[in-house]
Amino acid sequence: MSNRIRVSLKINGSDVSAEVEPRKLLVDFIREDAGLTGTHIGCDTSNCGACTVMLNGKTVKSCSIFAVAANGGEILTIEGMADKGKLHPIQEAFIKYHGLQCGYCTPGMILSSYYLLSRNPSPTEEEIRYAISGNICRCTGYQNIVRAVQSVAEKKTV
């Protein structure tokens with residue numbers, strides 16, 4: 001008798017389904033079953049934010065959710081941000097304003113920034129810093145990340 005459960009998700013617009021152990025984390029489902037490795041595994045405690053994705057329109061730390069709990073949900077990962085090979089304006093801004101160095105935190109930072117700008121197209125610096133506060137970056141010092149988000153907000157391109 002198997003204790004595996006079928007999980008079906010829509011990830012970046014595509015249907016993904018697999019039988020998984022009930023304890024399989026959403027981040028592992030995304031990386032292993034969907035083959036999307038842009039979502040990073042960092043701390044496994046939900047502190048660093050490297051695993052941030054959007055689930056049903058809200059940001060979540062995918063290392064803190066079981067895949068079975070997300071069953072039937074809709075997920076956006078960093079791979080889903082680009083449109084037909086063209087980077088999203090937030091991705092372009094992170095490059096232009098040097099909002100990334102090693103890149104490990106970048107997918108989570110971009111998705112947290114996207115969520116902020118989708119809800120608040122003209123955030124203050126304080127609001128940007130609060131929105132990304134669940135994502136740890138050990139390289140940039142955050143200033144260039146904030147500037148990247150500000151530049152997208154100024155252009156109103158989200």
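The values are calculated or read from the model by the stated rules, or taken from the named source; none is laboratory data. As the structure is a prediction and not an experimental result, all values here were calculated from the model. Here the Cβ positions follow ideal geometry from the backbone for every residue, glycine too, while neighbour counts run over all protein chains shown.
Residues are listed down the side, and each one gets a yes or a no for (1) surrounded by fewer than 13 Cβ atoms within 10 Å (Cβ to Cβ); (2) out of contact with any His (no Cβ under 8 Å at 6 or more places or on another chain); (3) in the same structural domain as L116 (by TED's automatic domain parsing):
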position	(1), (2), (3)
G13	yes, yes, no
T37	no, yes, no
S46	no, yes, no
C51	no, no, no
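With respect to T52, determine if the residue is among the β-branched types (V, I, T), free of Cβ contacts under 8 Å to residues at least 40 places away in the same chain and within 21 Å of S113 (Cβ to Cβ). So T52 fails the test.
Here V68 fits the description: over 15 Å from the mean Cα position of the chain (by Cα), modelled with pLDDT of 95 or more, of a type in the set (V, I, T) and in the same structural domain as L9 (by TED's automatic domain parsing). Among the residues of this structure, K58 counts as one that is within 22 Å of I128 (Cα to Cα) and among the charged types (D, E, K, R).
Name the residues in segment 5-42 that are in contact (Cβ under 8 Å) with a residue 12 or more places away in the chain, part of a helix (DSSP H, G or I) and more than 15 Å from the chain's Cα centre (by Cα), would you? Once the filter is applied, which keeps residues that are in contact (Cβ under 8 Å) with a residue 12 or more places away in the chain, part of a helix (DSSP H, G or I) and more than 15 Å from the chain's Cα centre (by Cα), segment 5-42 yields only D33.
When E92 is tested against (1) in contact with a helix residue (DSSP H, G or I) (Cβ under 8 Å, 6 or more places away or on another chain); (2) more than 30 Å from A18 (Cα to Cα), only condition (1) is not met. Among the residues of segment 56-65, those that are surrounded by fewer than 19 Cβ atoms within 10 Å (Cβ to Cβ) and either under 16 Å from L9 (Cβ atoms) or at pLDDT below 95 (or both) comprise N56, G57, K58.
Screening I5, I90 for residues that are of a type in the set (A, V, I, L, M), surrounded by 14 or more Cβ atoms within 10 Å (Cβ to Cβ) and closer than 23 Å to Q150 by Cβ leaves exactly one candidate, I90. Condition (residue is touching a Lys or Arg at 6+ places or on another chain (Cβ under 9 Å), under 30 Å from E19 (Cα atoms) and in contact (Cβ under 8 Å) with a residue 40 or more places away in the chain) applied to segment 127-147: is it met by at least one residue? Scanning segment 127-147 turns up no residue that is touching a Lys or Arg at 6+ places or on another chain (Cβ under 9 Å), under 30 Å from E19 (Cα atoms) and in contact (Cβ under 8 Å) with a residue 40 or more places away in the chain. Search segment 137-158 for residues being within 15 Å of T52 (Cβ to Cβ) and modelled with pLDDT of 95 or more, and hand back the single one that is surrounded by the most Cβ atoms within 10 Å (Cβ to Cβ). Only one residue tops the list, namely V149. Of the residues in segment 94-104, at least one is among the β-branched types (V, I, T), surrounded by fewer than 14 Cβ atoms within 10 Å (Cβ to Cβ) and farther than 24 Å from D15 by Cβ.
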